[in-house]
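Okay, so here's the structure we're looking at.
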Amino acid sequence: MKIAIIGAGLAGLSCAFELERNGITPVIFEKRSFIGENYMFPSTTLRLFDRGFNNPVKYLKKKYDLSLIPFSPLREITMKGPTKEGTVSGKLGYVFMRGDEKESLENQIAKHIRTPMHFDTYINLEDVKNDFDYIIVATGDETVANRLGVWHTTTTVYTRVALVLGNFKVGCAKMWVNRDYDKACYAFLSPHSKKSARLLLSVNDISPHEFDYYWNNFVRLEEVKYKINETRDIVTRLGYVSTAKVGNVYLTGNAAGLIDDFLGFGAINAIESGILAAKAIIKGKDYNEMVKSIKNHVAGIHELRKMINEFDNDDYDRLIKILTMPVIKRIIYNNPLAKVQSITSAAKEFNNMKHKRQRRFSKS
């Protein structure tokens, strides 16, 4: 059985891991000269948005025998709106390292496999699809799905990631929301040591030349005083696929639209979809059916995204006030049943109340 994996990121490495466990050695093609990204950044998981499990580390170990070690638990998030600020603390999730960090998720998975990797090799799907029995697309973007005619973009997000120096508490993150500099997205700070952190700003649906305007607004309005050592700009197109399998081609991770378009989480989805693609091939099962729960979860978060798109700055302040109330914190952050559906319902009710207030105001 000849299997090609295009991309040496989380999904591609995880697929190779599962194939090897079942006695199959694929081949990985990577257009870059390394696995993962060429810079380090923290990746966060939140219990609040976990897909039916409270602990992704235990989940992946129990279900797929994949052992991963997080960089740190996420113990605290400070949320800052235009005028309101609040903090939630507890067992909120995990921080994982990504990219070229020695213990990054990519490198942790790579240690489990022996699959040959061909770096600096760009693969055109049309040139190789007849040379392999199966092809796993794990490129981290929508390019192949778009060429196959199954991709549908929902939003385009521009992100600037900065390495900043200062005094930080590991496991304690900060999040900013303000329409004046992030539209319907957010800024986020996640430390990876006591002296350094990654600061990112994401802005949706703008043109590239506008990004400096939003970044400068953020730095000015939030009085960002951190020393900025380097910055990197990333463009991500988020969306969904009408099918995750086309002929002998399996789409995984963000190539299958499995990053949510609310906070941009997708690491665990990428890992699991890579494993499920391998299982589908090994057992002759329906891959689309196997990833259905992941796609449904991402679709549910998309409904939340659409509601948040209608928020203004007053709404952000009210939401932060509500989310950091002691009673609400206990219900949402400590209750495993209070997942995306509950949050989406709350956001929907929030918007309904807003529209009612607007109608009353317009009548008066």
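Restricting the search to the stretch 274-304, which residues are open to solvent by less than 50 Å² (accessible area, probe 1.4 Å), charged (D, E, K, R) and over 19 Å from Gly253 (Cβ atoms)?
none
So, Val235, is that one in contact (Cβ under 8 Å) with a residue 24 or more places away in the chain, open to solvent by 70 Å² or more (accessible area, probe 1.4 Å) and among the aliphatic types (A, V, I, L, M) or not? Break it down into steps so the answer makes sense when it comes.
Details: in contact (Cβ under 8 Å) with a residue 24 or more places away in the chain: yes; open to solvent by 70 Å² or more (accessible area, probe 1.4 Å): yes; among the aliphatic types (A, V, I, L, M): yes.
In short, yes.
Name the residue, out of Thr159, Thr153, that is open to solvent by 60 Å² or more (accessible area, probe 1.4 Å) and either touching a residue at least 24 places away in the same chain (Cβ under 8 Å) or at negative phi (or both).
Working: Thr159 fails: open to solvent by 60 Å² or more (accessible area, probe 1.4 Å).
Sole residue among the options that is open to solvent by 60 Å² or more (accessible area, probe 1.4 Å) and either touching a residue at least 24 places away in the same chain (Cβ under 8 Å) or at negative phi (or both): Thr153.
When you scan the stretch 162-216, how many residues do you find that are more than 19 Å from the chain's Cα centre (by Cα), open to solvent by less than 30 Å² (accessible area, probe 1.4 Å) and within 20 Å of Leu319 (Cα to Cα)?
Result for the stretch 162-216: 2.
Go through (1) open to solvent by 40 Å² or more (accessible area, probe 1.4 Å); (2) touching a residue at least 24 places away in the same chain (Cβ under 8 Å); (3) over 16 Å from the mean Cα position of the chain (by Cα) and name the single condition Asn130 misses.
(2)
If you go through the stretch 43-80 one residue at a time, how many are closer than 27 Å to Asn313 by Cβ, of a type outside the set (S, T, N, Q) and modelled with pLDDT under 95? Walk me through it before giving the result.
Taking the stretch 43-80 and keeping what is closer than 27 Å to Asn313 by Cβ, we get 44, 46, 48-49, 74, 76-80.
From what is left, the residues that are of a type outside the set (S, T, N, Q) are 46, 48-49, 74, 76-77, 79-80.
Restricting the remaining residues to those that are modelled with pLDDT under 95 gives 46, 48-49, 74, 76-77, 79.
The total comes to 7.
Given the criterion farther than 17 Å from Leu263 by Cβ and among the basic types (Lys, Arg), identify the matching residue among Arg75, Arg160. Quick ask: steps written out before the conclusion?
Numbers: Arg160 fails: farther than 17 Å from Leu263 by Cβ.
The match here is Arg75.
So for the stretch 98-105 (the condition being more than 17 Å from Phe265 (Cα to Cα), assigned to a strand (DSSP E or B), among the acidic types (Asp, Glu) and touching a residue at least 60 places away in the same chain (Cβ under 8 Å)), does at least one residue qualify?
no
Spot the failing condition for Asp120; the list is (1) open to solvent by 60 Å² or more (accessible area, probe 1.4 Å); (2) in contact with a Phe, Trp or Tyr (Cβ under 8 Å, 6 or more places away or on another chain); (3) farther than 25 Å from Ile320 by Cβ, and only one is missed.
Of everything listed in (1) open to solvent by 60 Å² or more (accessible area, probe 1.4 Å); (2) in contact with a Phe, Trp or Tyr (Cβ under 8 Å, 6 or more places away or on another chain); (3) farther than 25 Å from Ile320 by Cβ, Asp120 misses just condition (2).
May I ask you to list the residues in the stretch 87-96 that are modelled with pLDDT of 90 or more and buried (at least 17 other Cβ atoms within 10 Å of the Cβ)?
Tyr94, Val95, Phe96
Could you list, in sequence order, the residues of the stretch 87-135 that are within 23 Å of Ile275 (Cβ to Cβ) and β-branched (Val, Ile, Thr)?
Matches in the stretch 87-135: Val95, Ile109, Ile113, Thr115, Ile123, Val128, Ile135.
Please list, ordered by first then second residue, the pairs with beta carbon atoms under 7 Å, 6 or more apart or interchain, first in the stretch 257-274 and within 18 Å of Asn146 (Cβ to Cβ), second in a loop (DSSP other than H, G, I, E, B) and acidic (Asp, Glu).
If the second residue must be in a loop (DSSP other than H, G, I, E, B) and acidic (Asp, Glu), the pairs left are Gly266/Asp260.
Can you give me the ranges of the helices (runs of 4 or more DSSP H) entirely in the stretch 142-228 with at least 1 residues that are of a type in the set (S, T, N, Q) and modelled with pLDDT of 95 or more?
Details: elements: 143-147, 179-182, 211-221.
The qualifying helices (runs of 4 or more DSSP H) are 143-147, 211-221.
Select, from Glu30, Glu18, Glu37, the only residue that is of a type in the set (Asp, Glu) and open to solvent by 30 Å² or more (accessible area, probe 1.4 Å). Show your work before the answer.
Working: Glu30 fails: open to solvent by 30 Å² or more (accessible area, probe 1.4 Å); Glu18 fails: open to solvent by 30 Å² or more (accessible area, probe 1.4 Å).
The match here is Glu37.
Mind checking which residues of the stretch 98-117 are open to solvent by 10 Å² or more (accessible area, probe 1.4 Å) and more than 21 Å from Thr25 (Cα to Cα)?
Arg98, Asp100, Glu101, Lys102, Glu103
From the list Lys61, Lys2, which one is surrounded by fewer than 19 Cβ atoms within 10 Å (Cβ to Cβ) and free of Cβ contacts under 8 Å to residues at least 60 places away in the same chain? Reasoning before the result, please.
Details: Lys2 fails: free of Cβ contacts under 8 Å to residues at least 60 places away in the same chain.
Being surrounded by fewer than 19 Cβ atoms within 10 Å (Cβ to Cβ) and free of Cβ contacts under 8 Å to residues at least 60 places away in the same chain holds for just one of Lys61, Lys2, which is Lys61.
The values are calculated or read from the model by the stated rules, or taken from the named source; none is laboratory data. If you're wondering where the values come from, they're calculated on a predicted model, not measured in any experiment. Every residue, glycine among them, receives a Cβ derived from its backbone with ideal geometry; neighbour counts consider all protein chains shown. All accessible areas refer to the heavy atoms of the entire protein, side chains included, with ligands and DNA or RNA removed. Shrake-Rupley method; radii C 1.70, N 1.55, O 1.52, S 1.80 Å.
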